[in-house]
1. Whole-Hz Karplus ³J(HN,Hα) for region 679-694, in order, using 6.51 cos²θ - 1.76 cosθ + 1.60 and θ = phi - 60°, x for Gly and Pro?
2. Which of K618/K638; K199/K415; K297/K640 have a Cα-Cα distance over 24 Å?
3. Helix-only mean residue ellipticity at 222 nm, the chain, DSSP H runs n ≥ 4 weighted -39,500 (n - 2.57), per residue, nearest 500. What is it?
4. Could you tell me the relative contact order of region 543-670? Use alpha-carbon pairs under 8 Å, at least six residues apart, and round to a whole percent.
5. So what J values fall out for region 170-181 if you push phi through Karplus, 6.51 cos²θ - 1.76 cosθ + 1.60 with θ = phi - 60°, rounded to Hz, Gly and Pro as x?
6. Evaluate the distance, in nm, between pseudo-label points positioned 7 Å from the Cα of N500 and of N561 along their respective Cα→Cβ axes.
7. With θ taken as phi - 60° and the coefficients 6.51, -1.76 and 1.60, list the Karplus ³J(HN,Hα) couplings across region 504-519 in order, rounded to whole Hz; mark glycine and proline as x.
8. Within 9 Å, Cβ to Cβ, of I54, how many net charges do the neighbouring residues add up to if Lys/Arg are +1 and Asp/Glu are -1?
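Each reported figure results from applying straightforward, stated rules to the coordinates on display, with no laboratory input. These numbers were taken from a predicted model, which means no experiment stands behind them. Cβ atoms come from the backbone with ideal geometry, glycine included; neighbour counts cover every protein chain shown.
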Amino acid sequence: MALSISRRDFFKLVAVAGGGFAIGLNHDALADTQHNTFTPSPWVKIEPTGLITILVDKSEMGQGVNTALPMLLAEEMDADWQKIRVVFAPSDPIYAHPWFHTQATGGSTSVRAMWMPLRQAGAAAREILRQAAAKKWQVSVDSVHIKNGIAHSGFHRATFGDLANIASTLPAPSEVKLKTPEQFNFIGQSIPRVDNLAKSTGRARFGMDIQLPGMLIAGVIRAPHPGAKVVSFDADKALKIQGVHYVLKVSSPVSEGVAVLADNTWIAFEARKAVTVQWDKAVDSGFNSDALLEKMKRLVAGGEQTLTAVDRQQSTDNLTASNKITSTYYAPFLAHAPMEPLNCTAWVQHDQVEVWVGTQAQGPNQQMISQLTGMPTQQVHVYTQYLGGGFGRRFAPDFVMEAVVLSKQILTPVKVVYDRTDDLTQYYYRPAALCQLEGAIDHNGQITHLRAITATDSIAQGTGFEKALIKGGVDQTSVEGLHDIPYTIPNFKVEWANLNSGVRTWFWRSVGHSQNSFFSECFMDELAHLAQVDPLEFRLKHLANHSRHYAVLQLLQDKSNWHSTLESGHARGVAIVESFGSVVAQMVEISLVDNTPKLHRVVIAADVGTVVNPDTVKAQLEGAMVFGLSAALYGEVKFKDGHPQVNNFSDYPVVRLIEVPPVEVYLISTHDHPGGVGEPGTPPIAPALCNALFVLTQKRHYQLPIVVNA
């Protein structure tokens, strides 16, 4: 089971009487001889009992990092897997993501970013243990070998626990030697997840499970429009309800509202119905989905407000109507809808702030809480809990801010809980996008020209990600999946217009790839149809310079029996997308039942680099596909007079188990650096499904979701 401990308690843990040693990524750290502990940065601790404690600084939201990351350390340590205990790392700058420079989980980077650092930490631990054994037995280090947590030299034998005290006095090695793939014992094996038992028996602790003495539950009435402010509120009726303690204004840098603080969730939610709030009129509060769509059309048609993301023009030959097509695609705003409602428990005290939350952003939250309370970051403790789904939504700060601001007012533990309506209406959406594509082929069926103009909101604008993600004025999340498609096209141009819709947009599983791959891969099918070439063969024809993509598509062709005859009324579609360092192709086989697609089979082929845990990788690709399928079939958030027109799963439906077909996953085995896995399975399913529908009906689906727009 993965536990969560505070930074203070961790350093108590590594300094316990009786010795032990811990090793992390900082090879220059010194031994703490007073406590017989080696604490450069706390990643691994070995106790004299032989127990190995591994701290994971990434958020576990079902993707399996609490197993995969310890596997990297255990591999290089040659540890006994049965002796390993996994705990969540405390919030501390020492755990800053090597790419994000703050402690966080996102972008399908957990294994990608920690592949080398954790292996190096494990290898360093192994070398120190070898040196400790050599010192204990007075033999050469070269004669000491470690296997499955046991050091050997001749007739000598010692466990890691036996060597812990001596190891704690030794310096870290200046260099370490990593294993070759042929030497791997753990990497590449489907080791069961360390949290299986805890989750199966209900012992895994999620944010919703937190209970503290004297804690109050907050139900918040939130702004009906982005930027709306509370003018006044009447809480007289609510305060008369038994169990209600306070009705307070809650104001944070991202939102305003009125909170009812009560003994339990039911009372808080019921009592807030008795509160009346007067709001001011927020800027752009009257926008509608139809008006936004018309604005998008003007932006892609006009072109004067666009910025160029990529421009490779080799020819200015005139295009003829016979070899050219132009199409316009639309993808709607989407909610994240994680199954566990958003929640956060905060306790602001005189000398510290403690926060219990399932979050993807420990570092940013720690900084933000420090700013809200005036407390130094060293006195702000974020205790990571299991996440019941993240999808990017739990990277946002709003629900954490509310809990902290409320607790600061009353110096009492406060748990903020969202219900489903709160979750679906609080303006953190995947951006809507409209994309116009124009393409041409020559007499050989080769693409000669492709131009794409997309209008969508910038996610990064006005956030802490702006500097990293906006380049040349272009938000890279708005064009990924368009400007980086792998096909050989001599004349290629992608432009972007910032919609500035007034809707607060956010990172959604696979981000820009989720909509742009729908645009680009459906359009590839249109070009294949224009060329009168099989759509899979057409893609292969344009991937000659990308051997990785070519191999994935060939694997899909083979495993899906692409050229075999299907039964009457069935059709196949295909799509291939590179995202987050991985290449994923998907084939979907469908029929129509009452004018609605029925999926019979999905085949996934992928190159994700080195596969750390095959079972986890397959599960992630399957889950990501289902997430994308749900959005493709049903996902849509519309606005009327500035209000999101969704309240629950009744009007924001998700795919049900009965709708999910058998899924086959095939992985290409390589020794390359691992790619991302949590998100790359999401983008291909929408275009593959729409391409299959075209084969079946000879009608293109230019707009998502499919069921609503059938």
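1. 10, x, x, 7, x, x, 5, 4, x, 4, 5, 5, 5, 5, 4, 5
2. Result: K618/K638 exceed 24 Å.
3. Mean residue ellipticity, 222 nm, calculated: -8500 deg cm²/dmol.
4. 25
5. 9, x, 6, x, 6, 9, 10, 10, 8, 5, 8, x
6. 5.6
7. In residue order, the calculated couplings are 6, 9, 7, 5, 10, 2, 5, 6, x, 4, 4, 9, 5, 5, 4, 5 Hz.
8. In short, +2.
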